[in-house]
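The structure under discussion appears below in the form of structure tokens.
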Amino acid sequence: MDVVQSEEVTKPAPQRIIPAEQQVYLEGPRPRMLELGFAWRVFTEFIHAFRTLHFVGPCITVFGSARFGQDHPYYAAAREFGKRIAQLGFTTMTGGGPGIMEAANRGAFEAKGPSVGCNIKLPFEQKPNPYVNTSITFDYFFVRKTMLLKYSYAFIIMPGGFGTMDEFFDTLTLIQTKTMTNFPMIIYGKAFHEPLVKMISDMVTGATISEEDLKLVLVTDDIDEAMDHIQNYITKNYTVQPRKRKWWLFEKR
């Protein structure tokens, strides 16, 4: 019987999306000094964001896919939303990337309104769009998402993917649990979101949420209806005033 020496099969190392020198904060327990360094990076990212965004004015955040081109109807709708937000006297805030985000920023920019982008470092797809007056790029999704919510008085959910759904449910949960003020939430695009709306209705049937929770979101295909809903809430609850600028944290002008 011949004896054949087996060749050791070496599997290729898994590809890291983020370079090895940039530690991934969810890769498990690490030495305490690395954990301290991570906490410091998060702290400094929050401070940088506070300094950059403190005076951007009251915002309305538009969430949506990065993958729609200029010829898509949802791009046109988001662009119109940006324009209407500017006409209402608010700042348009988005995730700062292409697609729906670019369209909303573009609508505000073209209407001479303030436009803000909160970009995120990704290995693909996400680059700052050219229609923002104020732009900031984040390393951490959770810091970025906090900023997208912190400065806004209403939220418009356009068709999107995993990221948009994450932003939608996170915002909705904070409103439902009264962790955040009951600001208006708009879901735009009935046909696209029909399965989502049905799933939420099934949650009521299954007694995992209350029927009152359905009132937290307006589902519409009508931009006028969406903006009227936002304007009515803001008019009843707030008076928009210019903020007095005190530069105690060296905020950006």
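Points to keep in mind about this one:
- Of the candidates MET199, MET180, the single residue that is in contact with a Ser or Thr (Cβ under 8 Å, 6 or more places away or on another chain) and either assigned to a loop (DSSP other than H, G, I, E, B) or over 18 Å from TYR74 (Cα atoms) (or both) is MET180.
- Yes/no for LEU26 being among the hydrophobic types (A, V, I, L, M, F, W, C), exposed (fewer than 12 other Cβ atoms within 10 Å of the Cβ) and not in a helix (DSSP H, G or I): yes
- Any chance ILE156 is in a strand (DSSP E or B) and either in contact (Cβ under 8 Å) with a residue 12 or more places away in the chain or open to solvent by 10 Å² or more (accessible area, probe 1.4 Å) (or both): yes
- Residue in the stretch 128-144 that is closer than 14 Å to GLY95 by Cα, open to solvent by less than 80 Å² (accessible area, probe 1.4 Å), of a type in the set (Phe, Trp, Tyr) and part of a strand (DSSP E or B) present: yes
- Which listed residue, of GLY97, GLY117, GLY89, is crowded, with 16+ Cβ neighbours inside 10 Å and either within 15 Å of ILE230 (Cβ to Cβ) or out of contact with any helix residue (DSSP H, G or I) (no Cβ under 7 Å at 6 or more places or on another chain) (or both): GLY97
The values are calculated or read from the model by the stated rules, or taken from the named source; none is laboratory data. A quick note: this is a predicted structure, and the numbers were derived from the prediction, not measured. For neighbour counting, all protein chains shown are included, and Cβ atoms are generated from backbone atoms with ideal geometry for every residue, glycine included. Please note that ligands, DNA and RNA were not included when accessible areas were found on the heavy atoms of the full protein model with its side chains. Shrake-Rupley method; radii C 1.70, N 1.55, O 1.52, S 1.80 Å.
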